[in-house]
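**Q** Pasting in a structure now, in structure tokens, and then I'll have a few things to ask.
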Amino acid sequence: MIKNAILSIKKNVGKTILLLVLMCVIANLVIAGLSIKNATSKSMEQVRTSLGSDVTLTYNMQNMMKNRDKGEAMDEVISPVTIKMADQLKNLTYVKSYNYTVNVGVTSDDIDPVEVSKSEDSSTNADRKNFMGDMPKMMDQNDFTVVGNTTMENMSEFLNENYVLKSGRLLTQKDADSKNCVIETTLASDNDLKVGDTFSVTSTNADNEEIIVKLKIVGIYTMQTNDQIGGMMSNRQNPINQIYTGLTIAQKLNDSTTNISKAIYYLDDPEHIEAFKAKAKSVTDIDFETYTLDANDQVYQRSIDSLENMEQFATIFLWVVIGAGSAILCLILILTMRSRFYEFGVFLSLGQSKIKIMLQQLFEILMIAVVSFGISLGTGKMVSNVVSSMLESTQNSQKQVMMEMPNEKTTEASSGNTKQDLFDKAMNAPTNSELDVSLTPQTVIQLAEITGLICLVSVVLPSIYILRLSPREILVKKEG
Amino acid sequence: MDENVILTFEHVDYYYQDGSRQVNILKDANYSFEKGKTYAIVGASGSGKTTSLVLAGGLDKPKEGHILYKGEDIAKIGFTKYRCLDVSIVFQSYNLITYMNAVQNVVNAMDIAHIKVPHKNQYALNILKELGLSEEECKRDVRKLSGGQQQRVAIARAMAKDVDLILCDEPTGNLDPETSQGIIQTFIDLAHLKNKCVIIVTHSKEFANCMDIQLQIHQGKLEKINECSQ
């Protein structure tokens, strides 16, 4: 059988080459489809993980505003999140870790804030106090914000590297009861502070009593982004003037051990966000009319939607390639089978079983498929590189549209698609690792399965068409 | 049952539809073929000679009746198994595999019939040489052999299978008289010396006269018209 298959391939060189070329084309298209599909799946996974899986328990501003009476002050309406509420959620399934945050406005006699505006900077302290005195409700008198955290380990600013630790360390749960703090590098340099130095901060409670706490610097970080600076009304709102402390200190300064500003829960997988929300609603007594669990997953949903579209396109493309490939291969085999009527008839008359005749055909086509498979693994790498470069430039242009800020570099890249560029793209792997569509072992296995399936269909269908006839009918047809 | 009987036509009917008309080829055909004898089926074109051979070779099924090989219905044996193990057929149009040379054609038939002999290629080559082909011709592409040479390859293929029943459709149609005579003698020897049953369809009276029994198909029936006394 195998011997006959090899003989047949060797003798019918023209047909063999035709099938080889066709199968190479099909295999390359399948690789392109599989690569896009795998790349989108991988990107979806990356988007999911990069966007994080944190859910924040905070008050529902919209609902609170709806329930607000005319003329009522906002701080009278807002009911802060309590530790009792937050604790109900921290032990739920899916919760990997959590962080409670308390924000308190403070002043300090030991250090000066990094001023927001020059006018403020040039005015004297007395002037400023008078100025503030005129508009006590509008302007915040506090220069700093103490941000108390259960732990700083999961803070998105540090995880996303918007903030980078320059010296010392970040606060952990071990610092809960300590007076350690972490400050921004500009604030530190303006006040000649370094790790190990101390300074005092003061807050005022509802009874106008001053609460003074002496803090020790254990870490200094640098802000890598300017996005958050600007549009601030007061020094306190300037992120540079934020002082990170443990939760206990912030609670002390806030003069409340029951209230927190927000609680963030870090889940084990972003896919569990909805399940976590549902569970939170069913097992806790938190009033989700007043409070809300915000996953901040609109961006995720938007990205996922576009990636899902792309994956859907890749799936359709793949099925079209498989369908069209099988159809073309089937047609070619049917055409060549006409000349094999005779051979089938002879084999049948000699007593060869139909299964073995089909197997010989399958062996022939599989042998060609194996060679084309080998070639396609080489060329497929180039195809997937081209596909990835195209996806990359599509993504870049999408980003440009979204940001309405054309990037000179990417515009050049997308406009200058010469043949040389295409060749370079084919030979070089993409730089964007998020859109890596390179051939994975999984893709190779899938390609082998799909090629095998196409071969099987292409051989079995025409073979059945012939072998349903009796040997006499086949031999008569051949003679006719 | 007579032990010598190898093939029996038992009330065999065969017909085909020509539009709404049914054309009967065989109608209640009955005949028993014996081992050690050569048979010639003669008759006009379209009388059903080749159809009888096709049915005897298990290449098609009778519409009615049975064909028995050594007393067993070939439908029960299984047509493929029967063709593989019990019968050899030499076709008028040779029916060789075109991408194989003569030796490969013979060896392929042996492989299909699971015939195990040492040095298969040499065995095949010897049979072909016996039938008058040179070694070079045996290894040449069969499409480049003459009609007579191809016919001999087809006969060699049938002989190599070493079965008790050999069916031939005009086996000497493309051979010169001298070679034909040699082939006829080969078939006679296979029957008389190796106790095989050889059934030949032929137009050649000369050839038919050399066979032990001559049959014709008359009104759909197989009838003996002549028997040579040995």
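**Q** Do you know which residues across the range A:312-348 are surrounded by fewer than 23 Cβ atoms within 10 Å (Cβ to Cβ), touching a Lys or Arg at 6+ places or on another chain (Cβ under 8 Å) and within 14 Å of chain B (Cβ to nearest Cβ)?
**A** Of everything in the range A:312-348, those that are surrounded by fewer than 23 Cβ atoms within 10 Å (Cβ to Cβ), touching a Lys or Arg at 6+ places or on another chain (Cβ under 8 Å) and within 14 Å of chain B (Cβ to nearest Cβ) turn out to be A:336, A:341, A:342.
**Q** If you don't mind, another one. Test residue B:51 against the criterion of being closer than 26 Å to residue B:225 by Cβ, assigned to a helix (DSSP H, G or I) and within 14 Å of another protein chain (Cβ to nearest Cβ), and give yes or no.
**A** yes
**Q** Something else about it: Of the residues A:2, A:26, A:36, which single one is within 14 Å of chain B (Cβ to nearest Cβ) and either among the small types (Gly, Ala, Ser) or in contact with a helix residue (DSSP H, G or I) (Cβ under 7 Å, 6 or more places away or on another chain) (or both)?
**A** On inspection, the qualifying residue turns out to be A:2.
**Q** Do we have residue B:115 as β-branched (Val, Ile, Thr), over 20 Å from residue B:200 (Cα atoms) and in contact (Cβ under 8 Å) with a residue 40 or more places away in the chain here?
**A** yes
**Q** Out of all the residues in the range B:177-204, which are hydroxyl-bearing (Ser, Thr, Tyr) and more than 16 Å from the chain's Cα centre (by Cα)?
**A** Scanning the range B:177-204 gives a single hit, B:179.
**Q** Is the range B:76-83 home to any residue that is in contact with a helix residue (DSSP H, G or I) (Cβ under 6 Å, 6 or more places away or on another chain) and within 10 Å of chain A (Cβ to nearest Cβ)?
**A** Within the range B:76-83 (the criterion being in contact with a helix residue (DSSP H, G or I) (Cβ under 6 Å, 6 or more places away or on another chain) and within 10 Å of chain A (Cβ to nearest Cβ)), the answer is yes, since at least one residue qualifies.
**Q** Now a separate question. Just to be sure I understand, how many residues within the range A:314-357 are within 18 Å of residue A:477 (Cβ to Cβ) and in a helix (DSSP H, G or I)?
**A** Looking only at that region, the number is 17.
**Q** Taking the range B:84-93, which residues are surrounded by fewer than 21 Cβ atoms within 10 Å (Cβ to Cβ) and more than 9 Å from chain A (Cβ to nearest Cβ)?
**A** Result: B:92, single match.
**Q** Please work out if residue B:214 is part of a helix (DSSP H, G or I) and either under 27 Å from residue B:152 (Cβ atoms) or not acidic (Asp, Glu) (or both).
**A** no
**Q** Among (1) modelled with pLDDT of 85 or more; (2) loosely packed, with under 13 Cβ neighbours inside 10 Å, where does residue A:71 come up short?
**A** Evaluating residue A:71 over (1) modelled with pLDDT of 85 or more; (2) loosely packed, with under 13 Cβ neighbours inside 10 Å leaves (1) as the failure.
The values are calculated or read from the model by the stated rules, or taken from the named source; none is laboratory data. Model, not experiment: these values are computed from the prediction. Every residue, glycine as well, gets a Cβ built from its backbone with ideal geometry; the counts of neighbours run over all protein chains shown.
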